[in-house]
Amino acid sequence: TPVIVVCGKGGVGKTAISALLAQSVIELGVKPLLLVDADPAGGLVSALGESVRKTLAGLREELVEAARTAGDSKRETLARSMDYLLLETLAERNNYSLLAMGRNTSQSCFCPANTLMRQAIDSLAASFGAIIIDAEAGLEQIHRRVTRRSTHTIVVTDGSKRSTDTLTSIT
């Protein structure tokens, strides 16, 4: 499965490139297509004119809260239902499915949500003809290996020193 990651520093047009790339892949007839909005700000969801009911960050918060109050057997049930719960976060459309990171409601680190995103991509990859990931700005998701399945990387730059430094760090 081709996995295309669009990354770079903030404000360089990653989301616009991701949306245009998605449209091109749809026009080529690649099916099924998975679009991943890995940015907590939700830029790709917005650029596509979409909304999502559930996000991975929201799913993670639900699971953590349920696990806190659950007994051992309930925790085991939660762990076994993870694939099903993941599928509930997919927004399925005619030409693609959309998976969104979403925002944490707490001020906590995104490391656990990024781990869940990586696991979700790993779990779903075989079911799709292609995957396009609109990565969060910067290097965090690269360093956390959220994009480890990447077969193609598009680094968007604006020519600034900070942008080319980000490019150098990614490549």
Before we move on, is L21 open to solvent by less than 70 Å² (accessible area, probe 1.4 Å), more than 28 Å from D165 (Cα to Cα) and in contact (Cβ under 8 Å) with a residue 60 or more places away in the chain?
no
Selection from region 80-94 of residues that are of a type outside the set (K, R), open to solvent by 70 Å² or more (accessible area, probe 1.4 Å) and not in a helix (DSSP H, G or I):
E92, N94
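Can we say L85 is without any contact (Cβ under 8 Å) to a residue 40 or more places away in the chain, touching a helix residue (DSSP H, G or I) at 6+ places or on another chain (Cβ under 8 Å) and more than 22 Å from F128 (Cα to Cα)?
Working: without any contact (Cβ under 8 Å) to a residue 40 or more places away in the chain: yes; touching a helix residue (DSSP H, G or I) at 6+ places or on another chain (Cβ under 8 Å): yes; more than 22 Å from F128 (Cα to Cα): no.
Judged against the criteria, L85 is not a match.
Listed here are the residues, each with its yes/no results for (1) surrounded by 17 or more Cβ atoms within 10 Å (Cβ to Cβ); (2) among the aliphatic types (A, V, I, L, M); (3) free of Cβ contacts under 8 Å to residues at least 24 places away in the same chain.
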site: P32; (1), (2), (3): no, no, no
site: G42; (1), (2), (3): yes, no, no
site: G49; (1), (2), (3): no, no, yes
site: E62; (1), (2), (3): no, no, yes
site: E65; (1), (2), (3): no, no, yes
site: S73; (1), (2), (3): no, no, yes
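The values are calculated or read from the model by the stated rules, or taken from the named source; none is laboratory data. This is a predicted model, so every value here is computed, not measured. Ideal geometry is used to build each Cβ from the backbone, glycine not excepted, and the neighbour counts take in all protein chains shown. Just the protein is used for accessible areas: all its heavy atoms, side chains included, with ligands, DNA and RNA removed. Shrake-Rupley method; radii C 1.70, N 1.55, O 1.52, S 1.80 Å.
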